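Following: one structure in structure tokens, then a few remarks.
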Amino acid sequence: MRTSTDSLGGVCGAMDRPGFTASLVAGGVAGVAVDLILFPLDTIKTRLQSPQGFNKAGGFRGIYAGVPSAAIGSFPNAAAFFITYEYVKWLWHTDSSSYLMPVKHMLAASAGEVIPFSLVQFPLWESLKALWSWRQDHVVDCWQSAVCGAFAGGFAAAVTTPLDVAKTRIMLAKAGSSTASGNVLSALHGVWRTHGLSGLFAGVFPRMAAISLGGFIFLGAYEQTRSLLLELGRERP
């Protein structure tokens, strides 16, 4: 398997030096790109999960409200996440064939953002890239990394939907109610009792669609931007 290239020109995943500045900028660019494109879908998903129903929660009205502020805030957040992720991966260098690779990626993801979603998405993303690289005998291109990000994001979205439903219910609960206390297990039990399994997975398909597309844009934009920045850095005299 090829582990390095003479030029990054469209090839992603090679990391012969940390390139933390490139990771910082690329992460910010990726965060802004995905928020600008996918913010409306997240609004629709939240309204589908609302206990008052989609139409009463606002339906399709004002689904672009708040996009500019979200995009501005996403740049530092995504930049901080990726520089932490890349730093932890670099700090705990492990051979790509090691069985510890998924553990390393879980630790890197949890260091950047401590949520179950990232613990599923990023190890799966890295594993899919490694498998694709092995099958074609060279490091994945940026568009292939984006495809891996889409699959990883969609799977992570599906398995973590109940937690997302619980979070939405807690956020929308009336003050003073048991749900508003923030107990996730209590919120999950309440949804199960009133709506069953379908309630726990309310909005799963729009969530999967949005996050799959988001994974394609977010991780693809990150890899492409980072590769271009590293290539520009190598070309400087």
Problem - Stokes-Einstein translational diffusion, segment 113-166 - Kirkwood Rh over all Cα pairs, 0.692 mPa s, 37 °C, in µm²/s - result: 281
Handout entry: Amide proton proximity set for residue 141, modelled H, under 5 Å, gap of 5+
Key = 12
Exercise for the section: Report in % the part of the accessible area of segment 116-237 that belongs to carbon and sulfur, leaving out ligands and nucleic acids; probe 1.4 Å. Expected result: 68
Exercise for the section: Keeping all protein chains in place, calculate the accessible area per residue for segment 190-231 (probe 1.4 angstrom), answer in Å². Expected result: 46
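The values are calculated or read from the model by the stated rules, or taken from the named source; none is laboratory data. From a predicted model like this one, the values you see are computed outputs, not experimental measurements. For the accessible areas, the whole protein counts, side chains as well, though only heavy atoms, and no ligand, DNA or RNA atoms are used. Shrake-Rupley method; radii C 1.70, N 1.55, O 1.52, S 1.80 Å.
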